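Accompanying notes for the structure given below.
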Amino acid sequence: MTLDSDAFDVVVLGTGLAQSIVAAALAKAGHSVLHLDPNDYYGGEQASLTLDELVAWADQRADSSSSSSPSPSTYVASQRITYSHASATPLTPALEADRRRYSLSLFPSLMPSRGELIDTLITSDVSKYVEFKLLNGVHMASRSGFERVPGSKEDVFKDKSISLPEKRKLMKALMFAAGEFEDDPLLVGKEADPILAFLKSAFGLGDKLVQAIAYALAFADEGEPALPALCRARRYFRSMGRYGPSPFLVGQYGGAGEVAQGFCRACAVFGGTYILGSEGAPSDIVVDKGVSLRIGAHPTPISATHLVAPPGFLEKDKPRVVRTSAHLIAITTCQPPVLKSCGEDGVDDDTAVVVFPPSDGPLVRALVMGEGTGSCPRNQWIVYLSAVSHSDSDPKALLEPYLERIADDVVFVAAYLQHRPEPEPETEGEGAESQSHSMSKANDPAPSPLVVLRPYVGTHTLTEGLDYEAREAARAFRAVCADEFFPTEEEEDEDE
């Protein structure tokens, strides 16, 4: 393969969600875009992989010292820093036969019904390429099983496990969290108090309901301050009702990877050029007044005005301070009890979030997805588990006890650790969800040709990761282009 041109306005490295969004936006704005990815699949770190692709992915990251390459590329070296302790169980003959029927996410996540990504999907018209369904419910795990967490006034008053006095207190807390609480005397001076302690002292709630609000409605971390947890809860409460009773949407066919591919499709429609696999692996990257690099698909160097890339294509150095999380992906052939119907209609759920509050172990969250999400064949279910961990932990040993509480007849397990740099000091005050950085800003008198997309470094990937990627894409777009980011049809008509 040889390109028709060796000069482009923008080269984008990697097809992760942020890169795919910015590539589509720049192509729609009239820029010539070359989009490269050394992987054979779309999605980068947000990819949705088939079962055989996931096994190969885990094998490549099983041991950082096992490479046959004496001098790995910058991207491969960075992947071995980002991921470690990866493993996957051997495929049975039945799994091997169906391996292409799975869509397993490296970035299991929920999309709030109100937020940056849903807005970007709508304004870009990429929503026509992707499908979502409502999350059926959030559950708290206990020694006796799983209890669905009430999230609305109707749910609270239907719940027979909560006494009437507790319902009044709970409703007061939920109404507070859904309102304008920043200047409320209940919160003033206590913004930095742990969310659990604040809820208990402000509303007189017991431990069970306090944990339900903090961990299952606000998706807070253990010990997280009250203010950011309440702000997040308010956004989720206000997302209820837009598309149904749940504030969250679950992406079909693996979620984030399918959304990234939708934006890549849009970029191609607007003239973007794509090269994936070894022929699209960049090398000899030079950034000066412009950008030049080499790829296997073209005999001469590629030049561009701008380069948009995450640090993994640019940096080989290992961050000195990292935040580590453990992840596990499992396939089960027995329906998880948390999905079985307890309602009057008798219809089983297809999706659920399960929260294991910290007691003798870490705070663990699970996302359970059935065949209705397009992630697996009929009569099978996917379970994603995650928890904050230590850099030398065995992720499988840490999370398997929680998997055993969710599912029987597990036929496949993959596990890995993911390492992220701590938030940069200058952005820490903005909060993990708004932390973003690029080496080029729209208002700079002489913008840099290099725009760096920083990965999400917060601890709320499940509910905030997708919107972060959309925000990061918008900032990268503005660093390159002064046009409107995915203008509406009315705005485009006015420009004409």
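Listed here are the residues, each with its yes/no results for (1) touching a helix residue (DSSP H, G or I) at 6+ places or on another chain (Cβ under 7 Å); (2) of a type outside the set (D, E, K, R).
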position: Ser201; (1), (2): no, yes
position: Leu205; (1), (2): yes, yes
position: Ile213; (1), (2): yes, yes
position: Phe219; (1), (2): yes, yes
position: Arg232; (1), (2): no, no
position: Phe237; (1), (2): yes, yes
position: Gly251; (1), (2): yes, yes
position: Gly255; (1), (2): no, yes
**Prompt:** Has the stretch 428-442 got any residue that is in the same structural domain as Leu26 (by TED's automatic domain parsing) and modelled with pLDDT of 90 or more?
**Reply:** no
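Can you go through Ser109, Ser105, Ser142, Ser124 and tell me which one is surrounded by fewer than 20 Cβ atoms within 10 Å (Cβ to Cβ), among the small types (Gly, Ala, Ser) and not assigned by TED's automatic domain parsing to the domain that holds Leu49? Break it down stepwise before answering.
Details: Ser109 fails: surrounded by fewer than 20 Cβ atoms within 10 Å (Cβ to Cβ); Ser105 fails: surrounded by fewer than 20 Cβ atoms within 10 Å (Cβ to Cβ); Ser124 fails: surrounded by fewer than 20 Cβ atoms within 10 Å (Cβ to Cβ).
It is Ser142.
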**Request:** Would you confirm whether any residue within the stretch 471-482 is at pLDDT below 90 and either in a loop (DSSP other than H, G, I, E, B) or of a type outside the set (A, V, I, L, M, F, W, C) (or both)?
**Result:** yes
**Request:** State the number of residues belonging to the stretch 1-53 that are assigned to a loop (DSSP other than H, G, I, E, B) and touching a Leu at 6+ places or on another chain (Cβ under 7 Å).
**Result:** 4
**Prompt:** Can you tell me how many residues in the stretch 95-105 are outside any strand (DSSP E or B) and either without any contact (Cβ under 8 Å) to a residue 60 or more places away in the chain or touching a strand residue (DSSP E or B) at 6+ places or on another chain (Cβ under 7 Å) (or both)?
**Reply:** 6
**Fill in**
Conditions (1) surrounded by fewer than 22 Cβ atoms within 10 Å (Cβ to Cβ); (2) within 30 Å of Ala29 (Cα to Cα); (3) touching a strand residue (DSSP E or B) at 6+ places or on another chain (Cβ under 9 Å) -> Thr89 fails only (2)
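The values are calculated or read from the model by the stated rules, or taken from the named source; none is laboratory data. Note that the structure is a prediction, hence the values are computed from the model and not measured. Reconstructed Cβ throughout: ideal geometry from the backbone, glycine too, with neighbour counts over all protein chains shown.
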